[in-house]
Amino acid sequence: MLVGIATWAQEKEAIKSERVKLTPEQRVDLQVKRMTKDLDLNEKQISEVRALITKENEKRAAKRAEMKEKREMNARNRGEAKAFMEKERAAADAEMKKILTPEQYAKWDKLREERKASMREKMMERGEENGPERALEPIKK
């Protein structure tokens, strides 16, 4: 039984990799042909279904483009936020350096690094909570 499932999965992957990319018009034609065959549509229904499917495909394409743009914008915003946080952290670190003696600062920095390592270990244990990729990311100063 397991061999059959494995074989089926491999065949399905092979079919996916051999798929030909269709243009939007070709996809609409294919969908209309399939519906015409399955539902025995008349000419008026075919033209109305074609118009509806075309309109829906255009809406989906526009939504995909919008979502892609939002993802790219969020990536840029994350980069800006990260740079801002690093700048703030460096400023706070400089202030701490002014307040503490060199020995105190060294001890404080060592304790901070130990806390970071401990948090990193906890994140690795939880793994999925913050996403496995994020849990594996090294924490930067």
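The values are calculated or read from the model by the stated rules, or taken from the named source; none is laboratory data. Values in this document were obtained by computation on a predicted structure and should not be read as measured data. Counting neighbours? That spans all protein chains shown, and the Cβs are built from the backbone with ideal geometry, glycine included.
Which residues, taken from region 89-141, are modelled with pLDDT of 75 or more, of a type in the set (A, V, I, L, M, F, W, C) and under 31 Å from the mean Cα position of the chain (by Cα)?
Narrowing region 89-141 to residues modelled with pLDDT of 75 or more: 89-127.
This time we only want the ones that are of a type in the set (A, V, I, L, M, F, W, C), so: 90-92, 94, 96, 99-100, 106, 108, 111, 117, 119, 123-124.
Selection gives 90, 117, 119, 123, 124.
The rows are residues; the columns are (1) part of a helix (DSSP H, G or I); (2) of a type in the set (D, E, K, R); (3) surrounded by 10 or more Cβ atoms within 10 Å (Cβ to Cβ); (4) touching a helix residue (DSSP H, G or I) at 6+ places or on another chain (Cβ under 7 Å).
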residue	(1), (2), (3), (4)
57	yes, no, yes, yes
67	yes, no, yes, no
73	yes, no, yes, no
77	yes, no, yes, no
81	yes, no, yes, no
86	yes, yes, yes, no
91	yes, no, yes, no
97	yes, yes, yes, yes
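Give 65, 75 a once-over and let me know the one that is at pLDDT below 85, of a type in the set (Gly, Ala, Ser) and in the same structural domain as residue 32 (by TED's automatic domain parsing). So that I can check it myself, show each step before the final result.
Values: 65 fails: at pLDDT below 85.
Of 65, 75, the one residue that is at pLDDT below 85, of a type in the set (Gly, Ala, Ser) and in the same structural domain as residue 32 (by TED's automatic domain parsing) is 75.
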